[in-house]
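The values are calculated or read from the model by the stated rules, or taken from the named source; none is laboratory data. In this text the structure is predicted, and so the values were computed from the model without any measurement. FYI the Cβ positions are ideal-geometry reconstructions off the backbone, even for glycines, and counts take in every protein chain you see. These accessible areas exclude ligands, DNA and RNA; they are computed on the full protein's heavy atoms, side chains included. Shrake-Rupley method; radii C 1.70, N 1.55, O 1.52, S 1.80 Å.
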Amino acid sequence: MQPFAGYPGTPSDVPPGTSGTPEPPETDATTVADGGRIAGAVLALALVGVEIAWIIRDITSSSVGNTTGRWFETNVADPRSQPVFTTTADGLVLVVLVGAVIAARRSSVRGAFVTAGILTLLVRLPGCWIFAQDWTDDYPLRGRLQTTSFFGAAVGLALLAIGLLWREPAEPGPPGSGPRARPAPPRSGWNVLTGVVLVACALDLIGWQIYWITNISQQVAVPHYYRAMLLGGRMLAVPPLSPPAGWLAWGTALAAVVGAAAAFRRNALARALGLLVGLRMVVGAWVTLDLWHEEHVLFTFDKLPTYAKVEEPFTVLEAVLGVVLLLVAGLRGADRSAGGMPWAAPAGYPVPGQRPGWGPTAGYAAWVPPQPQGPPQGAPGVFSPQAPHVPQSPPSPYAVPQPPPAGGGFGPPVGQPPQATPPYGRPAYPPGPPAGPPPAAPPPPSGPPSAPPAAPPPPSGPPSAPPAAPPPPSGPPVTG
């Protein structure tokens, strides 16, 4: 029995087959099933075809320059510019859907499907109620617009459900090592920066929406204008397939909050959500800055109202935050809980999840007192006494510490058991077995004891008769 066995934080308290060091939070050990991959790829391809058809329709009805100019608001002041049906939101949906199709054969398929589903819902769901209202009756191609909205919302919901629910156990191995392996989590350290930037994006978007809620009546003399920004309305001069600005901002902020929570936990979904929010922030800031540039009011603060003087620097900040997300959110990290180097605390520091005390230092074996050197037990002619078995005590709330290995850490010198002091007002735990080596056993005898002297052999027959007495004299003795 080892010293201090049975106390929390010692080898006897460690489950079999483990090293005694705590593991970091495990990543999800599942992936999208084969059937889900095929179904998601087919749905994404179908929606890609719909998006391409609308973009081709805009290009053929006007031109490539007119369509891209309308997307990035660079020709709104040109009287020769023609309205189009699509916007940069359609371009984002197309890029994300193509990425989901490519990722169907990779370990990152779940994040790609979830991201594509979220963005498609944000862009297409408002059309389900907008094109059902009476003021859209005079819209050209209203029936196709309504069908596109319902089909896009259904595909987005299906992709989201496939990515989150249609799963199966992943193949063993390092994360991201194969198509059916676990998805790779964000890179350690950079995940914190990703989470902080996502929180900043969410605060920026939510702050501006709160400002518009409270001050839009002072900027635009139209009743219920923010309601139209949130749910759509006739007063919005936007392309038919464009989602309302307020709706898209709140949806992006929600995705940023979810992505930040996943980044701090090193969940694999944080990579896809971070890329989505970063792409959305960059494109949105680019379009806004282009519009101000075309109107010749970019950074001309003497011509701008107070809110616009603040909005322009914040738009530049949104562009910077988006670029940072695009650079750091997609970095892949290694899951150290499965394969690779085991996670361990630095020498001398307490291991998370254990009670205070010296305890075994993370990454090292538990301290074991030196054992006496001698001949192997069980050898012929060697006396090998067995120490009596001492039953282990149940785990106690008062952890008795033990010294760390030599060469670093804190604690008493090696070879001396620590002196534990129980908390105030509680009885001291009885001392454990001695830490020193047991007393040496007496040397065994050099050989068997000598045999006693042999007894005389028994007589071979009855004893012989005693010798006969001499015969008497025949006459009187002769006298002189």
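Some notes on this structure:
- Just one of the numbered conditions (1) within 19 Å of LEU326 (Cα to Cα); (2) not in a helix (DSSP H, G or I) is not true of LEU298: (1).
- Residue identified as closer than 17 Å to ALA89 by Cβ, within 39 Å of the chain's Cα centre (by Cα) and open to solvent by 20 Å² or more (accessible area, probe 1.4 Å) among TRP208, TRP250, TRP212: TRP250
- Single residue of region 180-205 satisfying the filter (in a helix (DSSP H, G or I) and polar (S, T, N, Q)) that is surrounded by the fewest Cβ atoms within 10 Å (Cβ to Cβ): ASN191
- Test: residue in region 52-62 that is at pLDDT 80 or above, surrounded by 15 or more Cβ atoms within 10 Å (Cβ to Cβ) and over 29 Å from ALA100 (Cα atoms): yes
- Matching option when the condition is of a type outside the set (Gly, Ala, Ser), open to solvent by 60 Å² or more (accessible area, probe 1.4 Å), in contact (Cβ under 8 Å) with a residue 12 or more places away in the chain and in a helix (DSSP H, G or I), among TRP135, TRP129: TRP129
- Meets criteria (open to solvent by less than 40 Å² (accessible area, probe 1.4 Å), out of contact with any Leu (no Cβ under 8 Å at 6 or more places or on another chain), modelled with pLDDT of 80 or more and under 16 Å from LEU157 (Cα atoms)) for ALA112: yes
- Enumeration of residues in region 107-149 that are among the aromatic types (Phe, Trp, Tyr) and out of contact with any strand residue (DSSP E or B) (no Cβ under 9 Å at 6 or more places or on another chain): TRP129, PHE131, TRP135, TYR139
- If the condition is being over 24 Å from GLY69 (Cβ atoms) and open to solvent by 30 Å² or more (accessible area, probe 1.4 Å), then region 230-247 contributes LEU230, LEU231, ARG234, TRP247.
- Long-range neighbours under 6 Å by Cβ, at least six apart or interchain, first residue under 21 Å from TRP292 (Cβ atoms) and touching a residue at least 24 places away in the same chain (Cβ under 8 Å) within region 58-73, second open to solvent by 60 Å² or more (accessible area, probe 1.4 Å) and of a type in the set (A, V, I, L, M, F, W, C): none
- Unique residue being out of contact with any strand residue (DSSP E or B) (no Cβ under 8 Å at 6 or more places or on another chain), closer than 30 Å to VAL32 by Cβ and open to solvent by 30 Å² or more (accessible area, probe 1.4 Å) when the list is VAL222, VAL258: VAL258
- Exactly one residue out of ILE216, ILE206 is at pLDDT below 90 and out of contact with any Asp or Glu (no Cβ under 8 Å at 6 or more places or on another chain), and it is ILE216.
- Looking across region 319-339, the residues that are at pLDDT 60 or above and either in a loop (DSSP other than H, G, I, E, B) or farther than 18 Å from VAL197 by Cα (or both) come down to ALA329, GLY330, LEU331, GLY333, ALA334.
- Pairs with Cβ under 7 Å, 6+ apart, first in region 285-311 and touching a residue at least 12 places away in the same chain (Cβ under 8 Å), second of a type in the set (Ser, Thr, Tyr) and assigned to a loop (DSSP other than H, G, I, E, B): ASP290/THR74; GLU294/THR74
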